[in-house]
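One structure coming up, written as structure tokens, with questions to follow.
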Amino acid sequence: MPTKPRTAVFFHAHPDDEALLTAGTMAMLAAEGHRVVLVVATAGERGLAEMGPGDELGETRLKELYTSAALLGCARVECLGYGDSGLSPQGGIAEERPDNAFIDADTDGAAGQLAAILKEEEADLLAIYDPAGGYGHPDHVQVHRVGRRAAEMAGTEIVLEATVNRDPLLKALKFAGRVYKFPPEFDPRTFESAYTPGDQITHRVNVRKYTKQKRASMAAHVTQASGGESDRTLAVMLKIPGPLYRLVFGTEWFVRRDVPPGTRLTHPFEQA
């Protein structure tokens, strides 16, 4: 473990993504005295919310992001200013995307923006997504590509890919399918190629001490946790009772590609 404070930059696609995948780790590092920087590619202005997509939603979601970041102990928050590419595969029809959609951005150009922050912060670590972008959102896949290139440009030593252990997720879906009829638009088979199998995960970070902060981070994203459909992801997660919430969200998973296969680490700064 590091004996002096270090700097970790967490790169996400939209406001609220940090709450779902890395909030516990961010809160833990901040509590340990490390500098935590949160960077998002877009304002999430095409997300689902009662006010409808557009600039107003983007401004509101950025305010929610700042609230979430403060709850997690972040020292700095930045938005690269790209347009939200939308929810559909490949960002939907090109003509319907904003002119500056993140998935249409030049990889080196976007990476240069992120690399400038990494250099300014003298970052020791960059957290991005796995190659699948988790569940395949086009902006998340772009985060992986841009983040990898930015780390190369800046010479950032540690690159961690935030992910979820696919194995227990598939088991849970299989069990749920026996007692619950999934809606027609939900195909659990899509998760067979989502996230990362357990044998490839290098970091299992215990964040149970910080699930209170993680839950508060989720709740900060009001536009995504309330209103609209009753089964919104964040809304469902926030209804989970405290003890079960700590069990379900008490571990966060990462992959570091430059350590030997089979490596099992428990802290972002731990060396193999």
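The values are calculated or read from the model by the stated rules, or taken from the named source; none is laboratory data. In this text, all values refer to a predicted model and were calculated from it rather than measured experimentally. Glycine also receives a Cβ, built like all others from the backbone with ideal geometry; neighbour counts cover every protein chain displayed. These accessible areas exclude ligands, DNA and RNA; they are computed on the full protein's heavy atoms, side chains included. Shrake-Rupley method; radii C 1.70, N 1.55, O 1.52, S 1.80 Å.
In nanometres, what is the gap between the two model label sites at Gln271 and Glu120, each 7 Å from Cα along Cα-to-Cβ?
About 3.0 nm, to one decimal.
Looking at the chain, which longest stretch skips every one of the trypsin sites (Lys or Arg not before Pro) that is in a DSSP loop with at most 14 other Cβ atoms within 10 Å, leaving the sites themselves out?
Values: sites that count: Lys181, Lys239, Arg257, Arg264.
For trypsin sites (Lys or Arg not before Pro) (loop position, at most 14 other Cβ atoms within 10 Å), the longest site-free span of the chain is 1-180.
Still on this structure, I have one more. Assuming R0 = 30 Å, can you tell me the calculated FRET efficiency for the pair Glu152 and Arg178, based on Cβ-Cβ distance, to the nearest 0.05? Could you put the intermediate results ahead of the total?
Values: r = 46 Å, r/R0 = 1.53.
So, using R0 = 30 Å, E works out to roughly 0.05.
In addition: Hey, what's the chain come to in accessible area per residue, 1.4 Å probe, Å²? Numbers along the way, then the final one.
On the way: 12860 Å² over 272 residues.
About 47 Å² of surface per residue is accessible.
Can you tell which of Gly242, Gly24, Gly198 shows the greatest fluctuation in a Gaussian network model of the chain with Cα springs below 10 Å?
Result: Gly242 has the largest fluctuation of those listed.
So, one more: Quantify, in whole percent, the carbon and sulfur part of the accessible surface of the chain (1.4 Å probe; protein heavy atoms only). Kindly include the intermediate steps, with their values, before the conclusion.
Values: 6900 of 12860 Å².
Answer for the chain is 54 percent, counting heavy atoms of protein chains only.
Could you work out the percent of alpha carbon pairs in the chain separated by over 25 Å, rounded to a whole number? Mind showing how you got there, number by number?
Values: 15845 of 36856 pairs.
Cα-Cα pairs in the chain separated by more than 25 Å: 43 percent.
Between their Cα atoms, which of Lys119/Lys214; Lys4/Lys63; Lys63/Lys214; Lys4/Lys209; Lys119/Lys212 are more than 26 Å away from each other? Could the numbers behind the result be given before it?
Details: Lys119/Lys214 28 Å; Lys4/Lys63 32 Å; Lys63/Lys214 17 Å; Lys4/Lys209 21 Å; Lys119/Lys212 32 Å.
As for pairs spanning more than 26 Å Cα to Cα, those are Lys119/Lys214; Lys4/Lys63; Lys119/Lys212.
Determine the gain in length on full extension of the stretch Glu56-Arg264; use 0.36 nm per residue of separation and subtract their C-alpha separation, reporting nm with one decimal.
Numbers: separation 208, 0.36 × 208 = 74.88 nm, distance 4.37 nm.
Full extension of this stretch gives 70.5 nm more.
Now, a different point. Return the Rg/Rh ratio of the range 11-162 with Cα-based radii and a Kirkwood Rh. Show your work: numbers first, answer last.
Values: Rg = 14.6 Å, Rh = 15.4 Å.
Dividing the radius of gyration by the Kirkwood radius yields 0.95.
Counting DSSP beta bridges in the chain, what percent are antiparallel, to the nearest 5?
Roughly 25 percent of the DSSP beta bridges within the chain come out antiparallel.
Suppose R0 equals 30 Å; then what is the FRET efficiency for Val222 and Thr251 from their Cβ-Cβ distance, rounded to the nearest 0.05? Don't jump to the answer; show the numbers that get you there.
Numbers: r = 26 Å, r/R0 = 0.87.
Between Val222 and Thr251 the formula returns 0.70.
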